[in-house]
Structures are given as C-alpha cells and as structure tokens.
Amino acid sequence: MTSDCSHDPEKIVIADPHADSLEEGLDSSPEGNLIYSINDHPPWYLCILLGFQRYILAFGGILAIPLILAEPLCIKENHAAKSQLISTIFFVSGMSTLLQTTLGTRLPILQGGTFTFITPTLAILALPKWRCPGTSATPHLNATNSAIQRSILVASMLQLVLGLSGLVGLVLRFIGPLAIAPTINLIGLLLFIQAGQKSGAHWGIAALTVCLILLFSQYLSKVNLPLIAYKDKKWKIFHYPLFKLFSALFGMCGAWLVCFLLTYFNALPSSPNEYGYMARTDINLDAVKSAAWFYDSGVCRLSVSSVLGMMAGVLASTMESIGDYYACAPLSGAEHVTPPPPTHAINCGIAVEGVGCILAALWSTGNGTTSYSQNIAALGITRVGSRLVLQTAGLLMIILGLFGKFSAVFITIPDPVIGGMFLVMFGMVAAVGISNLQYVDLNSSRNLLILGFSVSTFSGLVLPTWFHSNPGMIKTGIKELDQLIMILFTTHMFIGGFFGFVLDNTIPGKVVFQWMISDESSSAEERRRRSISSGKK
C-alpha cells in the first residue's frame, strides 16, 4: 500500500467565504463555535496578528528545548550561541509548518521542537567523548551537535518511510479513542511538571498570568471593542472581539508588563538565591546584546551514529502526532468538511514530519520537529482554526528566525509568566485528550478498565516514573538496546497509547472502529456513529 499525498478539493474543501471582515467570518463559522474555521480566509492584517499570536504561544515550549540542550552542548554561558540555536529551531519550525499545512495533513497544526528527542539526545551527549571540554563553542561548530544531527537525520528516514509507504494508514483502522485519549492526555499531564517548575519561581505572577488569560478568553470573550477601519473609500467602525482573538497574547503581555514594573521599581529580589528573583525582566538582557543581528545557517556534517535511540524517539513522536491530528481536526472545524482525518492525510502528515526532522538535522537544531500539542490547545482558546493563519505563522517564524536579536528578546520573558501560560495550555491539551472519550461508552466496565490501566494505574504513569527513578536497572549487555528500552519505557504518551491500543484490540467487546470509513457516500454523522467503541456488558 502506498500513500496518496494528493488532495481532492471536492472531498476536503468547502466554499471559502474569504471574509473581508470579522463579522463575515463569524457568520460563516461552523455552528458559531469558531471565529474562523479551517478553510476561512481572515483579512490579511488579522492573519498577521493571529499568526504572530501563534508564534508567541509556541515560543515558550520551543524555547525550552534549546535551553535544556544548552548545558550538554557546552553553551550554557554563551548567550550568543544560545540565541543562534533558538533562531535556528524557529526557522526550521516555520519551514515545517508551511510544509505540513500545505502538503501534509493541511490541518492548521503548527510544527515545533519535540520533547521525544530530548531523552535520546541527552543519552548521547552523556557519553564520555561528548562531555564539555571546559570551553564554549557555537552549536554549529561543536562536534557534539554534529553527532546529534547525524542520528536525527538517519532516524527521520524511518518516519518518512512510514508515511510514504502507507504503513501508518494500515494501522489506523485499529486505533480507537481508547488509544488516542491516553496518548494526548498523558502529554498534558507530563508537561505539567515543566509548568510547575516555571510557575514555582513566583506563584503570584504565574497566577496573574492564568487569571489574565482566563479573563480575556472566557469572561470578556463576548465583549467587542469598536475599531476604526478604512473600507470602500470611507472610514467605518467595526466591532471586533479582540479579547477573544488575542487572549493568550494579552495575558502574557499583561503579566510581562507587571514584571517589568516590579523590576523597574526594584520590588523583586535582586539576589539569585531569593524567592521571586526569576520574575525579574533584567536577568537575561545580555542575551539581547550578544545576539547576532542576522542568522547564519552554518555548515552541516553528515554520517550515522546513535540512530537506534533516535528511532525510538521517532516512533513516540509519530504516535503523538497521530493523536494531535485527531485532536486538531474537530477543533479547527475540519469535521464539518470530512471525517477527521482521512487516511491519506495521516500518511502525508507523517511523511512531511519526517521531512521536517531531516531539515532540522541539516540545519543543526539539535532536535527534530513534530506536531505541536501546546498550539493545538490554542485553537480551543482563541477559536481560530484557519489554515491561512497557521501558514502566516510559519512565514513569520521563518522571517523572524533570521533575526537573532528578535529571538533573544523573548529570552527575557520571566519564567513565572511562561509557567502561567503553560498551566492553561497544558490543561487544554489534557482536556482535548479526554474529549476523545465522547465516542466511548463510559458505562462499560471494559472501557473504564482499559482507560484507567492505560493512563494512571500502571502503564502511563507508573512504568515511566519507575524507569526514570531506576535508570541503571536495564542491563542487557547491548548498550544500544538498553538505551532503546529506556527511551520507550520512559515515554509516557507512548506507553499509555501502546497499552490502550493493545487492550482495546484484544479484549472482547469492541465494535469495529474506523475514523476513516472508505464508504464516501456515508454521511459524517453515520461515520461518527459507526466509529463508537461500545463494549457494553
């Protein structure tokens, strides 16, 4: 079976409203739930603003990856090198986003750095030959980063083959909500650890960020502000729900402004050892000064090493992405166009993600790219699912990624502000995972057993936690096999999704589950009804 990456417009495209104003977009949104759905075209100025908001929302999570890799890459104190690494990963993420939204699944799903590659990366860099020599070097000239890019390059070929061969589509017929829900839910639950670490630097600022985002996205969502615009050769007054559109951006900027004022009036501790110091906005100002004005793509070195570990990361990333596709489709309004998502779209999406990881290796990001779960949550908050907005965000990531100074500015965002944003976003990710259970009969003891076992009782949380606490227990005599086992069994979403998949397909009582029914004459509601996994007693 091969993957057909062509998209038939008659199957997946509805008439584009090409809204010239927000009011038109509101009228055309499906069921009034979205401001702009997947095929809507917001005005160009809103595309830029909404795309920039997606850039900001992705910044915190993607930024965390180069900061985690900074120390093992021997550039912890080298702000210029860190800024260049940040610019590189955003530049490649922008290219991957354009490819995914144009040639892949064509869902409004942003591509960014992936935490599934962090574990094998740290394992490789922990080898004695890659330990820091005591001096810093730029990541593109550092031999350690060269070793990482080789392994990512080769491992990414596996993801490319999985998509192009159609193997992913063959497996999809067996993947039901009881496999998808644990996968996405565990992503959100796992990321709360990072959210807690960031927020714990100053819980007051983190709580302020959460309150502001909730205020703008929920309590003020129906408040329309009058704005003046020039149209049809005269000035007109339009009423825009700005709070709903830019809730996360306003929330972050508001908390950032409070931190700036507290820093300016010296109301925050000036000693790094005191609680609340990380809320200051002047901690990383040196990063802006030392950052280069323009980004240099560097030189790529190609060879093969430590590939097995990275392949485990690729498998975990693939499983995560499939869950992300299912989560993104209904949030963006795609379920009103076609049963979300078609098999060929899944195959193309995985293949394009493989291409994105190859690009990440060629540009020496020290990481790969994958569907960005945190930004999918932004769909539920902003209610903007337009594909064009995500394509604009991809262009902005490419353009702004060329300017090192611009990326360095965001290093000054205080950790508590980022942590507060994470608390809201990761909660949405976990909730999106749970929402997949709407297709499952939760009165069935069979389904409850599978769900509980996959998420919390044993596999999803217990096994990875135990392996994290006992890293030296696996000793097969083959170092690569030990690393492979450790990576698989410490990846929460992979373990949870795997056990959900196995149990759902082996325990009797499951009705045939197919998100992608081949009978195109069936209605969307009929397909959805046939996809319910009952297992009633």
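The values are calculated or read from the model by the stated rules, or taken from the named source; none is laboratory data. Everything numeric in this text was worked out from a predicted model, so none of it was measured. Note that each Cβ is placed from the backbone with ideal geometry, even for glycine, and that neighbours are counted across all protein chains shown.
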If a residue has to be among the small types (Gly, Ala, Ser), part of a helix (DSSP H, G or I) and touching a Ser or Thr at 6+ places or on another chain (Cβ under 6 Å) to count, how many in segment 375-419 make the cut? 6
On the given criteria, is Lys236 in contact with a strand residue (DSSP E or B) (Cβ under 9 Å, 6 or more places away or on another chain) and either surrounded by 18 or more Cβ atoms within 10 Å (Cβ to Cβ) or more than 23 Å from Ala255 (Cα to Cα) (or both)? yes
Filter segment 416-433 for residues that are of a type in the set (Phe, Trp, Tyr) and within 14 Å of Trp203 (Cβ to Cβ) and give the result. Phe422
Of the residues that sit in segment 342-374 and are β-branched (Val, Ile, Thr) and part of a helix (DSSP H, G or I), which one is farthest from Ser83 (Cα to Cα)? Thr343
Criterion violated by Thr338 - all others in (1) in a helix (DSSP H, G or I); (2) modelled with pLDDT under 80; (3) surrounded by fewer than 24 Cβ atoms within 10 Å (Cβ to Cβ) satisfied: (1)
Within segment 295-335, work out how many residues are at pLDDT below 60 and either under 14 Å from the mean Cα position of the chain (by Cα) or in a loop (DSSP other than H, G, I, E, B) (or both). 11
Checking the conditions here, which among Leu242, Leu268, Leu262, Leu249 is modelled with pLDDT of 75 or more, touching a Lys or Arg at 6+ places or on another chain (Cβ under 6 Å) and either under 14 Å from Ile205 (Cα atoms) or among the hydrophobic types (A, V, I, L, M, F, W, C) (or both)? Leu268
Answer yes or no: is there a residue in segment 462-472 that is of a type in the set (Val, Ile, Thr) and in contact (Cβ under 8 Å) with a residue 40 or more places away in the chain. no
For segment 451-471, what are the residues that are assigned to a loop (DSSP other than H, G, I, E, B) and modelled with pLDDT under 75? Phe458, Ser459, Gly460, Pro471
Taking the residues in segment 419-458 that are under 15 Å from the mean Cα position of the chain (by Cα) and β-branched (Val, Ile, Thr) as candidates, determine which candidate is farthest from Val258 (Cα to Cα). Val432
Just to be sure before I move on: is Cys357 at pLDDT 80 or above, of a type in the set (A, V, I, L, M, F, W, C) and farther than 17 Å from Phe91 by Cβ in the structure I sent? no
How many of the residues making up segment 402-446 are closer than 22 Å to Asn78 by Cβ and either surrounded by fewer than 24 Cβ atoms within 10 Å (Cβ to Cβ) or not β-branched (Val, Ile, Thr) (or both)? 14
Just checking, does segment 379-400 include any residue being farther than 27 Å from Pro42 by Cα, surrounded by 22 or more Cβ atoms within 10 Å (Cβ to Cβ) and touching a residue at least 24 places away in the same chain (Cβ under 8 Å)? no
What number of residues within segment 203-217 are farther than 12 Å from Val424 by Cα and in contact with a Lys or Arg (Cβ under 8 Å, 6 or more places away or on another chain)? 1
For the structure I just gave you, tell me whether Thr138 is in a loop (DSSP other than H, G, I, E, B), over 22 Å from the mean Cα position of the chain (by Cα) and at pLDDT below 85. yes
Every residue in segment 383-433 that is among the polar types (S, T, N, Q) and more than 30 Å from Leu268 (Cα to Cα), please. Ser386, Gln391, Thr392
